[in-house]
Amino acid sequence: MIESLLVANRGEIARRIIRTAKRLGVRAIAVHSEVDAGLPFVTEADEAVCVGPASPAQSYRNAEAILAAARSTGAQAIHPGYGFLSENAEFARAVEAGGLIWVGPRADAIDAMGDKINARNLMAAAGVPVAPGTTDPAADLDEAVAAAAEIGYPVMVKAAAGGGGMGMGVATDEAAMRTEYDKVRSFAERMFGDGSVLIERYFPRVRHVEVQILGLADGRVVALGERECSVQRRNQKLVEESPSPAVSPELRSRFLAAAVRAGEAVKYRNAGTVECLLDPTTGEFFFLEMNTRLQVEHPVTELVYGIDLVEEQLRVAAGLAPTFDPDALTPRGHAIELRINAEDPKRFLPGPGSITTWVEPTGEGVRVDSGYVAGNTVTPFYDSLMAKLVVSGKDRAEALDRARSAVAEFQLAGPKNNLAFFAELLENQEFQAGEYDTGIVSRMR
């Protein structure tokens, strides 16, 4: 096993990785910005290094500062968490060039999946279903308009280099297409340094279902079930659950087989996620993208399969066999994750601030992965995620009951928060019945 691990991230995911590292006897090293010095992940690490001021570009995305911290602390490996540098192929190469172990997929797999158009084409060649769309970037507005006319409206206009629900727009006709193309392209150039735009079919009523894959040290790729991620605002997830209430055993078999083919197509190693769109009426599903990292919502898979995905990541990176039998994976029960964000529960606008009250719910089947405690401050410099409230039960009904109780028991004051939204969602008939899609939040508002 790896002996020392630098966690190149912050907040709840850094704290969660550190927890597993320390359980395994691995020396855990945190890096942090100046404003994060007092957060739990810093104090809980065995060692911590300040890598710069609040701006992510000068701290958590500062590859040179992070590599310098690894050298100065004698770290053997780097775990990037999610976001920041986690899907940066050049950083992965730099880590390995520096003689360190990269806890993630190979850099060429990150490259292959980082461009949505290239990823679509690779998946189509591997026999993974893809939605109708362009096989090359739309070179200009006229080409984009022509492509949309051929595909048929409505269409999704997407940044080819984007991710995390950013850099996307929907066009219902040519006039909207002209507006969205310019908007997405300028956003993509500003955020990703790449203005390439993809046009593909937009499905107004669709579910977002993803499959957790793990590329093992021996070269095999295994699928650890699916997660339903259809409760979203601004194309970003708020709730995830496993298994999906929309997926039958027959459909699940097709989903998992397609996800394994996707991983095998790029010789995938370590943890990754194959995201798909599911038409609940026809049972058709289409490849959306592959996230070449650990997902925010990985805890629901952990609870259903009884494994620690971070431990499995470390084992793969160290060339070790998994703790489980890949040929005897058996899911049990149901798990639901609610993302507790510092945002108002109506318009979902960020609302950072100092935490005056923070009392987490407890009890059977309740897990909280948090990045803060009372007395900390949620600053405006980073994502608004404060904690993940994860519940599990023998079935979905029990998990829903535990979610209602846990939301009611969670005491949080100071920053704005979305606990009231979750209380409303858990009483929503669509959600209770499991018959919801990606439009559920807009229908609630």
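The values are calculated or read from the model by the stated rules, or taken from the named source; none is laboratory data. Keep in mind that what you see is a predicted model, and the values were worked out from it rather than measured. A quick note on method: Cβ atoms are made from the backbone with ideal geometry, for glycine too, and the neighbour counts reach across all protein chains shown.
A few points about this structure:
- Positions within the stretch 334-346 being under 22 Å from the mean Cα position of the chain (by Cα) and over 18 Å from ASP36 (Cα atoms), in sequence order: HIS334, ALA335, ILE336, GLU337, LEU338, ARG339, ILE340, GLU343, ASP344, PRO345
- Selection of strands (runs of 3 or more DSSP E) fully inside the stretch 350-393 by the criterion of at least 2 residues being assigned by TED's automatic domain parsing to the domain that holds ALA45, surrounded by 15 or more Cβ atoms within 10 Å (Cβ to Cβ) and modelled with pLDDT under 95 returns nothing.
- Counted residues, the stretch 125-138 - those being over 22 Å from TYR153 (Cα atoms) and not in a loop (DSSP other than H, G, I, E, B): 1
- Flag if GLY98 is at positive phi and at pLDDT 95 or above: no
- Selected residue (criterion: surrounded by the most Cβ atoms within 10 Å (Cβ to Cβ)) from residues of the stretch 256-302 that are in a strand (DSSP E or B) and of a type in the set (D, E, K, R): GLU289
- Just one residue in the set ALA321, ALA397 is closer than 23 Å to GLY225 by Cα, free of Cβ contacts under 8 Å to residues at least 12 places away in the same chain and out of contact with any strand residue (DSSP E or B) (no Cβ under 6 Å at 6 or more places or on another chain); that residue is ALA397.
- Any hit, the stretch 405-428, residues being among the hydroxyl-bearing types (Ser, Thr, Tyr) and either in contact with a Pro (Cβ under 6 Å, 6 or more places away or on another chain) or assigned to a helix (DSSP H, G or I) (or both): yes
- Condition met for GLU12 (of a type outside the set (Phe, Trp, Tyr), within 22 Å of the chain's Cα centre (by Cα) and surrounded by 17 or more Cβ atoms within 10 Å (Cβ to Cβ)): yes
- Restricting attention to the stretch 38-58 and to residues that are over 19 Å from LEU5 (Cβ atoms) and touching a helix residue (DSSP H, G or I) at 6+ places or on another chain (Cβ under 9 Å), the residue that is surrounded by the most Cβ atoms within 10 Å (Cβ to Cβ) turns out to be GLY52.
- Number of positions in the stretch 224-250 that are free of Cβ contacts under 8 Å to residues at least 40 places away in the same chain and either farther than 18 Å from GLY333 by Cα or of a type in the set (Gly, Ala, Ser) (or both): 3
- Entry remark, the stretch 315-349: residues being hydrophobic (A, V, I, L, M, F, W, C) and either closer than 19 Å to SER370 by Cα or not in a loop (DSSP other than H, G, I, E, B) (or both) number 7 in total.
- Selection status of GLU364, charged (D, E, K, R) and either over 16 Å from GLU226 (Cβ atoms) or touching a Pro at 6+ places or on another chain (Cβ under 9 Å) (or both): yes
- From the list GLU250, GLU264, GLU289, the one residue that fits, being acidic (Asp, Glu), within 16 Å of GLY114 (Cβ to Cβ) and assigned by TED's automatic domain parsing to the domain that holds GLY333, is GLU289.
- Filtered by the rule that a residue be among the hydroxyl-bearing types (Ser, Thr, Tyr) and either within 23 Å of the chain's Cα centre (by Cα) or not in a helix (DSSP H, G or I) (or both), the stretch 164-223 gives THR172, SER196, TYR202.
- Any chance PRO361 is farther than 24 Å from ASN9 by Cα, in contact (Cβ under 8 Å) with a residue 12 or more places away in the chain and in contact with a Phe, Trp or Tyr (Cβ under 6 Å, 6 or more places away or on another chain): yes
- Condition broken by GLU311, with the remaining ones in (1) outside any loop (DSSP other than H, G, I, E, B); (2) more than 18 Å from the chain's Cα centre (by Cα) satisfied: (2)
- Selected residue (criterion: surrounded by the most Cβ atoms within 10 Å (Cβ to Cβ)) from residues of the stretch 59-83 that are of a type in the set (Ser, Thr, Tyr) and closer than 18 Å to GLY99 by Cβ: THR73
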